[in-house]
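**Q** The structure is given below, and queries will be raised subsequently.
Every read-out reported here was derived from the displayed coordinates using simple, explicitly stated rules and does not represent laboratory data. Predicted model only: the values in this text are computed from it and were never measured. Because the Cβ atoms are built from the backbone with ideal geometry, glycine has one as well, and the counts that use them run over all protein chains shown.
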Amino acid sequence: MAIEQRIRELDARHRDLDIIIKTEAQRPAADPTKIAAMKRQKLKLKEEIEHLRQETRSH
């Protein structure tokens, strides 16, 4: 199903972004603005994933 594939893709991007955020945060000269932007992007992905999961449950 197309929605399930989209969820898998978003999950993968969410995991990748989590790794990137953790790596960036461990750097001595971590850029807090960059980290904050990535965290916002990660949250948007999570919200979209949850929305799609709710959609699949209601059908």
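**Q** By how many degrees, 0 to 90 and rounded to 10, does the Cα axis of helix 2-26 deviate from the longest principal axis of the chain?
**A** Here the helix axis deviates by roughly 10 degrees.
**Q** How high is the relative contact order of the chain? Use alpha-carbon pairs under 8 Å, at least six apart in sequence, and give a whole percent. Kindly include the intermediate steps, with their values, before the conclusion.
**A** On the way: 26 pairs, mean separation 28.2, N = 59.
Relative CO of the chain lands at 48 percent.
**Q** Right, another one. Leaving out same-chain residues fewer than 8 places away, which aspartates and glutamates sit with a Cα under 16 Å from that of LYS22?
**A** Reachable aspartates and glutamates: ASP31.
**Q** Continuing with this model, one more query. Report the residue, chosen from ALA12, ALA29, ALA37, that carries the largest GNM mean-square fluctuation when the chain is represented by alpha-carbon nodes joined by springs under 10 Å.
**A** ALA29
**Q** Okay, next question. Around HIS14, under 15 Å between beta carbons, what's the net of Lys plus Arg minus Asp minus Glu among the other residues? Present the calculation step by step, with values, prior to reporting the outcome.
**A** Working: positive: ARG6, ARG8, ARG13, ARG15, LYS22, LYS39, ARG40, LYS42, LYS44, LYS46, ARG53; negative: GLU9, ASP11, ASP16, ASP18, GLU47, GLU48, GLU50.
Once all neighbours under 15 Å are counted, the net charge is +4.
**Q** Express in % the proportion of alpha carbon pairs of the chain at distances exceeding 17 Å. Please list the in-between numbers first.
**A** Working: 746 of 1711 pairs.
The answer is 44 percent, as a whole percent.
**Q** Still on this model: Within the set of other residues whose C-beta is less than 13 Å from the C-beta of ILE3, count the net charge using Lys and Arg as +1 and Asp and Glu as -1. Walk me through the intermediate numbers first.
**A** Numbers: positive: ARG6, ARG8, ARG53, ARG57; negative: GLU4, GLU9, ASP11, GLU48, GLU50, GLU55.
Around ILE3, the surrounding residues sum to -2.
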